[in-house]
């Protein structure tokens, strides 16, 4: 077997696992409004079990709904009435030989009054989390003891529901982490002060679970062994905590990092290298003999296998990777790694779940919607479909249609597939975007899609195919702001920079816009030796960048010498100068050699009207109708391809009804 270490059996305590792949807990917001397990949630986890994961650790589950809630529709384990739903979830996962743990959790100061019915949030000490912005109330000694009991009772319920083990959430700045950290625990009673006192809260939870559930019931702890916050837990202290927990009899340690004030270390953006957090697990493994689980942007089977073969950890957690592709494990085990749809770290899953919706994925539209989109059914009659445009929308539509049994011909006027995805230049982000391009291109070959490069799709060529349907995915063009002087030779767009159409070296250059491509363009120009000013103009694409990511990228731009102007607008372009207005309307003249617009895109769809004259079923998808993100493109291509027959049938029925009535 190619990835022998990844797929050899493992153990946590006395529990045997079929392989070393762990799906770590990630909030889905798929629970019901009262925290109950739902059919959608069961389908979501069952899909990952079916895909071959050895262990699934279910998302953080609330042990104290009154004060400990951490999510809008957070899964609950604080009452016996939730046991039947959890049992159904366990049974669904066990069918595939996958084991299931539940992560038990209390938010502490990282909850909010809005989440807990207007109550003041609680913590070991009244230390405010900057990310939350609410001062917590210090827990009384009696309340601490009561919360210990709630953790223990939650574990008992898990065992009664058939759950194979529990993970105690001591990471990411939540309540247990707050007790462990000298930054957030300023208590002077038995639960604060020296190291042993700060450990007492977690120690009592562990010992209580052992007493009620038995010595053989697996208990693991997730730890942030470095909070990346001044005065908080660092790796030295993280090692000491790990050694202490091993002596308490914990069965495994799940090694993570960060808290809400260092969120980019908890949930990484596309600028982080694969496996950057593995070194933390490696350091802890040197300190303990119990199994260690490594986590953090692990995307490729070869990399995951090397973590194990090099002795850096005993298990690897593939989180967002199994959101993007629930068959990650199965494909890796069968040597089909080129078929793995690797996570690109765009954070769409986090954004959708945190904004009140349920978890979704920009490149796997079925994630969280498994019941809405069951497995594809083959069509009965062989039919031709034409797709015009080889970007993400066009290729995703081609992939789905081919899986359904259509003969698909894809026309691309360029010499390569990928569309706007080819324009990402930031090195680490480009690597991840290339994963997506490579995956889709491989699917075109695997599924025998007839790809015609360097080909303009004329209506004659389309008609010759006698297509059942045509999908127009002609993409979008860069937006050039409609201001006086935008026709001047000094004006460029972001494609001019990324495709190196203009010799922009050792020049004074202003970039107007915002968003990932804008920041990439600005960085590239600065590294080419230009003196660059970024006029950060709000745009739709810019709004899709998370605050943490923007802060990181802006800081990097400043460190390369880029001058940043916010709250300014370009009001006029003159030869060798740009006229700007700030928020109060005060004008400023900025002398430049070139102005580069990177303000997003506008739809490019020059062929629809012509096609509709000759073809019955024409669909416009992706940037050609809704420009701006890979999420929209993949979603549009997938959904319209998935329901094609229903749309056509409804259209025909509607047309016949109109003809009958007339």
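The values are calculated or read from the model by the stated rules, or taken from the named source; none is laboratory data. As the structure is a computational prediction, the values presented were derived from the model and not from experiment. Every residue, glycine among them, receives a Cβ derived from its backbone with ideal geometry; neighbour counts consider all protein chains shown.
Residue 376 meets the conditions (1) surrounded by fewer than 24 Cβ atoms within 10 Å (Cβ to Cβ); (2) closer than 20 Å to residue 630 by Cβ in every case but one. The failed one is (2).
For every residue, the table says whether it meets (1) assigned to a helix (DSSP H, G or I); (2) under 26 Å from residue 198 (Cα atoms).
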| site | (1), (2) |
| --- | --- |
| 102 | no, yes |
| 114 | no, no |
| 117 | no, no |
| 125 | no, yes |
| 135 | no, yes |
| 144 | yes, yes |
| 148 | yes, yes |
| 163 | no, no |
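Within segment 324-341, one or more residues are surrounded by 19 or more Cβ atoms within 10 Å (Cβ to Cβ) and touching a strand residue (DSSP E or B) at 6+ places or on another chain (Cβ under 7 Å).
Residues considered: 178, 120. Of these, the only one that is without any contact (Cβ under 8 Å) to a residue 40 or more places away in the chain, over 24 Å from residue 81 (Cα atoms) and in contact with a strand residue (DSSP E or B) (Cβ under 7 Å, 6 or more places away or on another chain) is 120. Considered as a group, the residues in segment 568-600 that are surrounded by 13 or more Cβ atoms within 10 Å (Cβ to Cβ) and without any contact (Cβ under 8 Å) to a residue 24 or more places away in the chain include one that is nearest to the chain's Cα centre (by Cα), and that residue is 582.
Do you know which of the residues in segment 518-537 that are over 21 Å from residue 567 (Cβ atoms) and touching a helix residue (DSSP H, G or I) at 6+ places or on another chain (Cβ under 8 Å) is surrounded by the most Cβ atoms within 10 Å (Cβ to Cβ)? Checked segment 518-537; the qualifying residue surrounded by the most Cβ atoms within 10 Å (Cβ to Cβ) is 525. Before we move on, is residue 107 within 30 Å of residue 232 (Cβ to Cβ), surrounded by fewer than 20 Cβ atoms within 10 Å (Cβ to Cβ) and assigned by TED's automatic domain parsing to the domain that holds residue 65? Criteria not met by residue 107.
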